[in-house]
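The values are calculated or read from the model by the stated rules, or taken from the named source; none is laboratory data. Note that the coordinates shown come from a computational prediction; the quantities given were computed from them, not determined experimentally. Quick reminder, even Gly has a Cβ in these numbers, built from the backbone with ideal geometry, and neighbours come from all protein chains shown.
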């Protein structure tokens, strides 16, 4: 919803839940317990020129995991745009240092 509201045309969503990623990429009707989530995901395709779902291992998803964990402490949707909770910023800096070492 944030990407849609911000006017993005092309979006890549990464996640560590392989089953969800596979179902999001599948065009067949889903009949599992995840069907309402998968249906909602598929309905979002209409808002983007390109919407891609990619699986990443959990160690590559630490920042997103921390954001989700922090977000559970708030009663409604929460968006951190300019700055994030200190634990999340620390994890993002750690990720950046690792990427910098690889280049």
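Numerical summary
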| item | result |
| --- | --- |
| Some residue of the stretch 57-73 being at negative phi, in contact with a strand residue (DSSP E or B) (Cβ under 8 Å, 6 or more places away or on another chain) and modelled with pLDDT of 85 or more | no |
| Qualifying positions in the stretch 66-98 - more than 18 Å from residue 3 (Cβ to Cβ), part of a helix (DSSP H, G or I) and in contact with a helix residue (DSSP H, G or I) (Cβ under 7 Å, 6 or more places away or on another chain) | 66, 70, 87, 88, 91, 92, 95 |
| Number of the exception - residue 40 against (1) under 16 Å from the mean Cα position of the chain (by Cα); (2) modelled with pLDDT of 85 or more; (3) assigned to a loop (DSSP other than H, G, I, E, B) | (3) |
| The listed residue being assigned to a helix (DSSP H, G or I) and free of Cβ contacts under 8 Å to residues at least 12 places away in the same chain, out of 45, 4 | 45 |
